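Single-structure report; data block below.
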Amino acid sequence: MNSQICKYKRCLCLPSLFTIFIYLFSQPVLFSFLSLSSLAMASSNSNEVKFVPEEENFLQRHVAFFDRNKDGIVYPSETFQGFRAIGCGYALSTFGSMFINMGLSRQTRPGKGFSLSFPIEVKNIHLAKHGSDSGVYDKDGRFVASKFEEIFTKHAHTHSDALTKEELKELLNANKEPNDRKGGILAYAEWKVLYDLCKDKNGLLQKETVRAVYDGSLFEKLEKQRASNKS
């Protein structure tokens with residue numbers, strides 16, 4: 001298991017040329033962006049009540065890893081810290097913090113005005129769910145075990161506990177909803193990144209890896225592995 005975790009960590013650290021470009025040419029914007037979110041996070045640290053994700057809400061648990069001060073709000077600086085904690089490079093962490101918070105903040109803050117600090121409210125993360133997904137998260141963000149098993153009973157033809165690249169394409173086509181271009185693109189991007197980062201040496205995406213991503217436990221394992229390597 002440790003060697004497998006190390007493999008994931010090495011993969012997550014590899015930034016693409018695109019993320020390197022973003023990192024090099026967005027420094028002034030990035031500095032303002034992260035500084036503003038850091039100030040907002042600092043002001044929220046005075047709140048003594050710590051947010052605890054619902055045990056059965058896997059989507060909250062998935063996102064809560066990035067809530068570094070456990071106040072129920074994820075700021076871009078925390079997303080950046082979360083990526084760094086699992087061993088990602090500066091470029092990928094920078095791009096991820098900007099893309100994720102800018103994309104999800106508004107949807108998780110219903111009835112509230114626009115905020116330049118782009119906070120994500122963990123309790124409302126289910127409101128940012130998109131269409132054409134696997135259905136493993138229900139409308140409230142809870143884990144649906146039957147839907148998770150369905151991924152492999154329907155599409156894992158070669159190995160019962162893993163997906164090949166072609167089987168992943170089959171899964172995406174099966175989940176795609178009519179006239180849902182946005183959801184289809186987002187689902188494709190999520191699964192492609194997961195496959196590219198976490199496939200094994202035989203090109204298989206293992207079942208245990210997919211489940212660990214859904215409940216956020218993979219992030220925790222990567223962080224612990226990185227911390228032990230430092231000590």
Cut-off 20 Å, label 7 Å out along Cα→Cβ of E170, residues of the stretch 137-155 by amide N = 146-155
Under 25 Å between C-alpha atoms, the lysine pairs in the stretch 49-167 lying 8 or more places apart or on different chains count 22
Per residue, how many Å² of accessible area does the stretch 54-149 show with a 1.4 Å probe?
-> 42
Once the in-chain neighbours fewer than 8 apart are removed, the lysines whose Cα is under 17 Å from K224 read K7, K9
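The values are calculated or read from the model by the stated rules, or taken from the named source; none is laboratory data. Computed from a predicted structure; not experimentally measured. Note that we place each Cβ from the backbone using ideal geometry, even for glycine, and neighbour counts take in every protein chain shown. These area figures cover heavy atoms from the full protein model, side chains too; ligands, DNA and RNA do not enter into them. Shrake-Rupley method; radii C 1.70, N 1.55, O 1.52, S 1.80 Å.
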